[in-house]
Amino acid sequence: MTVYSRIVGTGSYLPGEPVDNETLARRLAADGIETSDEWIVARTGIRQRYLAGPDVTTSQLATEAARRALDAAGLQAGDIDLIVLATSTPDWVFPSAACLVQKALGAPGCAAFDVQAVCSGFVYAMATADALIRAGNARNALVIGAETFSRILDWSDRGTCVLFGDGAGAVVLQASPEPGILASRLHADGSHESILRTAGNVSGGNITGHPFLTMDGQAVFKLAVGVLDSVARETVAAAGLELGSIDWLIPHQANVRILKSTAKKLGLPPERVVVTVDRHANTSAASVPLALDAAVRDGRIRPGHHVLMEGVGGGFTWGAVLARM
Ligand code: UT7
């Protein structure tokens, strides 16, 4: 019998209270950095973001999101036999954040590892977990996107620090005789590494390189719009479907202008695009599962719907996963 994987539960978690643009602008002004609600909304559509407190880690956000996804699936931690966690902001160099989530949930023994593909991380993690389930390596997988991106922001760079937020989203992917995940496609082009990166590390007890995110926003914007279009078409075609059969498009939530332009190029009405960037800002690998969970819980996404999830980000990486819910 052919084995597929399908999403049987979603969950998400955002830390603390939202910080709106006005509040952020006031905080930055105290350090001589000038920005405004007007600029941020006009250029990005972002109105607020969530920022983790100093003691809150990526694995803690991930664990909360995972618990909610398990509840939604009606499963216990002990039922999980695979944890794949997408992040660029793990708690430590090692062990992986996935292993820390496993410990917190109390699911010892199952495979657990992190995936690092920046803002494409969640679709990379979904494609990986789907392949492991179809190969018979797992039956119930937790797939998580979680970030504390605020930790790698340069708060003196107004061109980047207003764009990002912290959070986590998760799904339970379960082996099933019915698909589920219909197709996925992943890509990377490392020749563009310099347009979006955090080019630092720890070495010999010191920070080496530049430990803060830097971005050529316009170069990223241009590439993002092109690849989100091409990989959506490629993935839908791989599933043998037409773009018209997509009920919901969930692109990486970086900029509302990118979301609108992607939908327009694909000929999809804007009402079929799930938008959370206004409320969450850009949460990198967490953005797609956060948006998915929001639209499942508010009743927009229903069983049988075709949901196309797309990631794009540092690397340069991009990819898409098409799921029948
Ligand atoms: O998650 C990975 C994927 N990331 C993305 O997809 C991000 C893609 N890029 C973007 O979304 C946009 O390029 C940005 C939102 C980052 C920037 O928008 P833009 O329309 O490309 O603006 P810009 O960088 O060309 O800056 C325009 C002006 C500049 O001033 P001058 O040189 O025209 O006088 C900036 O200095 O806006 C200024 N500026 C700001 N002003 C107020 C930059 N940041 C700010 C700010 N507040 N926060």
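The values are calculated or read from the model by the stated rules, or taken from the named source; none is laboratory data. Since this is a predicted model, take the numbers as computed values, not measurements. Cβ: placed from backbone, ideal geometry, glycine included. Neighbour counts: every protein chain shown.
Taking the criterion of being buried (at least 24 other Cβ atoms within 10 Å of the Cβ), within 16 Å of the ligand (Cβ to nearest atom) and of a type outside the set (A, V, I, L, M), the residues of the stretch 277-306 that qualify are His280, Thr283, Ser284, Ser287, Pro289. Just checking, does the stretch 53-74 include any residue being without any contact (Cβ under 8 Å) to a residue 40 or more places away in the chain, under 30 Å from Lys260 (Cα atoms) and among the aliphatic types (A, V, I, L, M)? No, that holds for no residue. Here Ala146 fulfils each of the conditions (1) without any contact (Cβ under 8 Å) to a residue 12 or more places away in the chain; (2) in a strand (DSSP E or B) apart from (1).
Can you find a residue in the stretch 46-62 that is of a type in the set (Ser, Thr, Tyr), closer than 16 Å to Asp166 by Cβ, touching a strand residue (DSSP E or B) at 6+ places or on another chain (Cβ under 7 Å) and in a helix (DSSP H, G or I)? Yes - at least one qualifying residue is present in the stretch 46-62. Of the residues making up the stretch 208-262, those that are within 16 Å of the ligand (Cβ to nearest atom) and aromatic (Phe, Trp, Tyr) number 2.
Test Gly267 against the criterion of being outside the structural domain of Asp91 (by TED's automatic domain parsing), at positive phi and in contact (Cβ under 8 Å) with a residue 24 or more places away in the chain, and give yes or no. Answer is yes for this residue.
Looking only at the stretch 149-180, count how many residues are part of a strand (DSSP E or B) and either within 17 Å of the chain's Cα centre (by Cα) or among the small types (Gly, Ala, Ser) (or both). Result for the stretch 149-180: 11. Does any residue of the stretch 14-21 turn out to be assigned to a helix (DSSP H, G or I), more than 30 Å from His306 (Cα to Cα) and out of contact with any Cys (no Cβ under 6 Å at 6 or more places or on another chain)? The answer is yes; a qualifying residue exists.
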